[in-house]
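Undergrad: I am attaching a structure below and will ask some questions about it afterwards.
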Amino acid sequence: MLKVEDLNVHYGAIHAIHGVSLEVHEGEIVSLIGANGAGKTTVLQTITGLIKSTSGSAVLDENDLFAIEPPKIVKLGMAHVPEGRRIFSQMTVAENLEMGAFIRNDNDGIEKDMDDIYGYFPRLKERAKQLAGTLSGGEQQMLAIGRALMSKPRILLMDEPSMGLSPLLVKEIFAIIKELNKKGMTILLVEQNAKMALSIANRAYVLETGNMVMSGDAKEMLQNDKVRKAYLGA
Ligand code: ATP
């Protein structure tokens, strides 16, 4: 479904991403793990067109993502839940969700999807009229996910959904990611929380200082000595 090949990204003179390749097949959860600064966010932002690559390709189905403007990428069925959530803090919860549907004009469908999202996240329903900036960190993460879902994506790119959340909330968010996947959503998950990311993924990739150093079955990686030492505190 998504295929990234030989990606190179520079920030000025800094060569941040070195020939990275990855694939996400329909129906999978694929995790991209790595330490702080390894380049995970850069990879996601390059796929979604927020950062320009120096070379390489990213293809969604048959579509060359580097030849398409970001709003069109959403129309192709790819949504991004950005690092730090980036919700619209001066808008209400409901308005944030409506913004997520900006590419759509099927009002009945939009209303139904909003109901579905309130089903996933009852706390958002209770706070529908509240300004998003006044939500807790966990609620903001729920809103960022909900907003992305409002574009009716087929593939969701999630950047550090566990960041800044309590262990309990992390569990809650990951349970929802799993449920979304069960209902058919394909997911590329970027995480520093390697344990959680590997435990819900089908496959995973490990990024170290801009280089892809390992890939494979996520459950096997959980048992891998090198991964355990470097990323699971074993
Ligand atoms: P984190 O989990 O901390 O967000 P990450 O794995 O997502 O880390 P990136 O944010 O992609 O890593 O950063 C990869 C490298 O690129 C880092 O060395 C970082 O300092 C550098 N970098 C990121 N953004 C910029 C920028 N705008 N200008 C210059 N260098 C940058």
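The values are calculated or read from the model by the stated rules, or taken from the named source; none is laboratory data. As the structure is a computational prediction, the values presented were derived from the model and not from experiment. Note that we place each Cβ from the backbone using ideal geometry, even for glycine, and neighbour counts take in every protein chain shown. Accessible surface areas use protein heavy atoms only, side chains included; no ligands, DNA or RNA. Shrake-Rupley method; radii C 1.70, N 1.55, O 1.52, S 1.80 Å.
Undergrad: Can you tell me the dipole magnitude for the stretch 86-152 around its Cα centre, using point charges on the Cβ only (Lys, Arg +1; Asp, Glu -1), in Debye to the nearest 20?
TA: The calculated dipole for the stretch 86-152 is roughly 260 debye.
Undergrad: Taking only DSSP H segments of four or more residues, each worth -39500 (n - 2.57), what value at 222 nm results for the chain once the sum is divided by all its residues, to the nearest 500 deg cm²/dmol?
TA: Computed mean residue ellipticity for the chain: -11000 deg cm²/dmol.
Undergrad: State in Å² the accessible area per residue of the stretch 193-234; use a 1.4 Å probe, count heavy atoms of protein chains only, and round to the nearest integer.
TA: Numbers: 2220 Å² over 42 residues.
Per-residue accessible area for the stretch 193-234 comes out at 53 Å².
Undergrad: Do the alpha carbons of any pairs in Lys152/Lys182; Lys125/Lys178; Lys112/Lys152; Lys40/Lys171; Lys40/Lys75; Lys72/Lys152 sit beyond 18 Å of each other, and which pairs? Walk me through the numbers on the way to the answer.
TA: Numbers: Lys152/Lys182 15 Å; Lys125/Lys178 21 Å; Lys112/Lys152 11 Å; Lys40/Lys171 21 Å; Lys40/Lys75 24 Å; Lys72/Lys152 13 Å.
Cα-Cα > 18 Å for Lys125/Lys178; Lys40/Lys171; Lys40/Lys75; rest within.
Undergrad: Same structure again: Over the stretch 116-166, average the accessible area per residue using a 1.4 Å probe and give it in Å², no decimals.
TA: That works out to 37 Å² per residue.
Undergrad: Per residue of the stretch 107-120, what does 6.51 cos²θ - 1.76 cosθ + 1.60 with θ = phi - 60° give for ³J(HN,Hα)? Whole Hz please, x for Gly and Pro, Karplus curve as stated.
TA: Once rounded to whole Hz, the list reads 4, 5, x, 4, 5, 5, 5, 5, 4, 4, 5, 5, x, 5.
Undergrad: Report, to the nearest whole %, how much of the accessible area of the chain belongs to carbon and sulfur atoms, 1.4 Å probe, protein only.
TA: 51 percent
Undergrad: Which whole-number percent of Cα pairs in the stretch 79-234 have a distance greater than 26 Å?
TA: Every Cα pair in the stretch 79-234 considered, those over 26 Å come to 29 percent.
Undergrad: Another question, if that's okay. Given an 8 Å cut-off on Cα distances and at least 6 residues of separation, report the relative contact order of the chain as a percent.
TA: Relative contact order comes out at 28 percent.
Undergrad: Right, next: Using the beta-carbon distance between Thr134 and Ala35 and R0 = 22 Å, what value does 1/(1 + (r/R0)^6) give for FRET efficiency, to the nearest 0.05? Can you show the working numbers first?
TA: On the way: r = 33 Å, r/R0 = 1.49.
Computed FRET efficiency for Thr134 and Ala35 comes out at 0.10.
Undergrad: Could you rank His80, His18 by how accessible they are, 1.4 Å probe, largest area first?
TA: So, going from the largest accessible area down, we get His18, His80.
Undergrad: Another question, if that's okay. What length, rounded to one decimal in nm, is gained on full extension from Asp106 through to Ser166, with 0.36 nm per residue of separation minus their alpha-carbon distance?
TA: Additional length available on full extension: 17.9 nm.
Undergrad: Taking a probe of 1.4 Å, how large is the accessible area per residue of the stretch 1-108, in Å²?
TA: On the way: 5260 Å² over 108 residues.
Result: 49 Å² per residue.
Undergrad: In what order, largest first, do Arg228, Arg104 sit by accessible area if the probe radius is 1.4 Å?
TA: Ranked list, largest accessible area first: Arg228, Arg104.
Undergrad: Give the ranking of Arg147, Arg154 by solvent-accessible surface, highest area first, calculated with a 1.4 Å probe.
TA: Arg154, Arg147
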